[in-house]
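To keep things clear, I will list the structure first and then write my remarks on it.
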Amino acid sequence: MYTKQDSTPQFAVRLDAVTKTYGSGENAVAALRGVSVGFAAGTFTAVMGPSGSGKSTMLYCAAGLDQPDSGTVTIGGQDLGALDETGLTKMRRDRIGFIFQQFNLLPALTALQNIELPLRLAGRPADKDVVAMVINRVGLASRVKHLPGKLSGGQQQRVAIARALVTRPEVVFADEPTGALDTGTAAEVLALLRESATVLNQTIVMVTHDPVAASYADRVVFLADGQFVAEIHQPTADRVAERMTRLDARVTNNGPGMNVAGARF
Ligand code: ADP
């Protein structure tokens with residue numbers, strides 16, 4: 001486990017000089033222009049940046065859902081570029097968890113069946129102790145027989161978090177996980193993610209545009225123009241908001257009609 005004393009932190013996820021361009025010729029958009037960043041095991045990181053700065057592209061490349069043009073992505077020491085499609089599928093299924101803004105639960109399965117689904121897909125017997133621990137941790141013990149449609153948004157996102165945690169993955173990627181929730185429910189979900197990192201030593205990488213959400217993380221990394229431009233450790237919402245204001249100003253100064261990646265509006 002990475003501790004503050006270690007001189008060489010153990011990275012659960014590493015990106016080295018990752019580039020990604022969409023389209024070609026006149027329509028080419030450089031979404032990532034050489035991003036190098038590591039996410040230490042057991043830490044909770046928020047990824048922020050102006051709209052179009054490359055946050056989603058980075059998350060998708062880091063998770064093996066999209067392929068960089070150059071550079072490497074390593075998860076738990078495994079270079080994703082060295083895997084074939086089958087290997088990548090297994091990696092995503094067994095060693096990566098996902099949490100989405102819209103929960104993405106299967107409506108015909110109960111909460112418990114949704115939570116156990118990644119284990120079933122992997123052909124792994126459900127370890128009852130781990131399943132029970134995860135369900136208790138997310139506070140869903142009395143709701144596991146319900147269908148998602150009978151649960152509130154916050155409860156559905158708790159199911160999604162339990163589903164992401166149940167395989168004890170190397171890393172959980174979260175894409176705006178509180179974007180569809182009211183402020184109070186969002187705070188509960190963020191506290192749960194925070195606790196998963198602290199108590200379960202779960203590595204979490206979360207894209208968000210909300211400085212308050214980012215303040216739950218150990219560290220915030222900022223992207224602008226497809227590059228890693230800054231980071232804040234032990235962030236407060238005020239410091240994050242102030243940094244975002246400066247980055248937004250930088251984008252605005254790029255000139256009218258162009259976004260940070262140089263794409264036309
Ligand atoms: P963010 O998540 O920070 O808003 P994205 O990673 O979504 O940024 O996008 C980075 C840049 O890449 C933007 O200019 C966006 O328009 C462009 N982009 C993203 N996905 C695609 C795609 N599938 N096709 C073409 N351009 C894309």
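A few remarks follow.
- The stretch 156-168 - phi-based ³J(HN,Hα) in whole Hz, Karplus 6.51/-1.76/1.60, Gly and Pro as x: 4, 5, 5, 4, 4, 5, 4, 4, 6, 7, 5, 8, 6
- Based on Cα contacts under 8 Å between residues 6+ apart, the chain shows a relative contact order of 26 percent.
- Using a probe radius of 1.4 angstrom, the carbon and sulfur fraction of the accessible surface of the stretch 11-254 is 50%.
- Gaussian network model of the chain, springs between alpha carbon atoms under 10 Å - residue of VAL29, VAL18, VAL205 with greatest fluctuation: VAL29
- FRET efficiency, THR183 to ALA108 (Cβ-Cβ, R0 41 Å, nearest 0.05): 0.85
- Max mean-square fluctuation residue, GNM over the chain, Cα-Cα springs under 10 Å, options ASP225, ASP66, ASP175: ASP66
- Helix axis angle, 183-200 relative to the chain longest principal axis, alpha carbon, degrees: 80
- Of all aspartates and glutamates in the structure, the ones whose alpha carbon falls short of 15 Å from that of LYS20, not counting any fewer than 8 places away in one chain, are ASP66, ASP69, ASP225.
- Pair HIS209, GLU231: separation of 7 Å Cα→Cβ label points (nm): 2.5
- Per residue solvent-accessible surface (Å²) - the chain, probe of 1.4 Å: 47
- Cα→Cβ-extended label distance, 7 Å offset, between SER24 and ARG250, nm: 3.2
- Coarse-grained scattering of the chain at q = 0.14, 0.16, 0.17 Å⁻¹, given as base-10 log I(q)/I(0) from a Debye sum over alpha-carbon atoms: -0.99, -1.25, -1.37
- Given 12 as the ceiling on other Cβ atoms within 10 Å, longest exposed-site-free region of the chain for trypsin sites (Lys or Arg not before Pro) in DSSP loops: 5-144
- For ALA122 and LYS145, the difference between the fully extended length at 0.36 nm per residue and the C-alpha to C-alpha distance is 6.1 nm.
- Virtual spin-label span in nm between ALA132 and THR89, 7 Å along Cα→Cβ: 3.4
- Rounded to 5, the percent of DSSP beta bridges in the chain classed as antiparallel: 60
The values are calculated or read from the model by the stated rules, or taken from the named source; none is laboratory data. Small disclaimer: the values here were computed from a predicted structure and weren't measured. All Cβ positions, even for glycine, are placed from backbone atoms using ideal geometry, and neighbour counts span all protein chains on display. The protein model used for the area step is the full one, side chains on, heavy atoms only, and it has no ligands, DNA or RNA in it. Shrake-Rupley method; radii C 1.70, N 1.55, O 1.52, S 1.80 Å.
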